[in-house]
1. Please give the calculated 222 nm ellipticity per residue for the chain, where each DSSP H segment of at least 4 residues contributes -39500 (n - 2.57) and the sum is spread over every residue; nearest 500 deg cm²/dmol?
2. Efficiency by 1/(1 + (r/R0)^6): what FRET value for R86 and K123, r their Cβ-Cβ distance, R0 = 35 Å, to the nearest 0.05?
3. Roughly how big is the chain's charge dipole about its Cα centre, with Cβ charges of +1 (Lys, Arg) and -1 (Asp, Glu), in debye to the nearest 20?
4. Compare the peptides 85-94, 62-71, 40-49 by average per-residue count of other Cβ atoms within 10 angstrom and give them in order, highest first.
5. So between F62 and Y104, what do we pick up on full extension, going 0.36 nm a residue minus the alpha carbon distance?
Amino acid sequence: MLTHDEAAYFVNVTTEQMILWNPDIIIVSTLPTIEPVVTNPQWRDLRAVREKKVFMSPQGIFYWSHFSTESFLCILFLAKQFYPERFPDLDIQDELQAYYSRFYHYALTDDEARRILNHLPPKDTP
């Protein structure tokens, strides 16, 4: 994490700092989509934006990137995003469905799992 040396959990980062860091990958968590990142003209030259490596963090019961019961799934998700060649057999959807089955006693459908992994709300919500 770029902000691992910061004492605060939530860190404000300036555009200038992002340009200096020029990250390889950007994970968006609490925005509804990646659009504000990928369409920001000030960020268009960031490596992650140029190489289309801007991803939404999954969201199930809560944001995976925050302290929640699903946070450990975020580690698997990030491992697959950052190092896909090291985890060729890691299937995040299978892990997610197994997690929900074991800990929530709920059988996620393939569609529900895909929606969580794509940071989308359940279909039945208004």
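1. Details: 6 runs with 43 residues, N = 126.
Result for the chain: -8500 deg cm²/dmol, rounded to the nearest 500.
2. Details: r = 34 Å, r/R0 = 0.96.
In this case the efficiency is close to 0.55.
3. Using only the charged Cβ atoms, the result is roughly 200 debye.
4. Ranked from most to least packed, the peptides come out as 62-71, 40-49, 85-94.
5. Numbers: separation 42, 0.36 × 42 = 15.12 nm, distance 1.37 nm.
Length difference between fully extended and current span is 13.8 nm.
Computed from the coordinates by the stated procedures, all read-outs in this text should not be read as laboratory data. Source: prediction; values computed, not measured. Backbone-built Cβ (ideal geometry, glycine too); neighbour counts: all protein chains shown.
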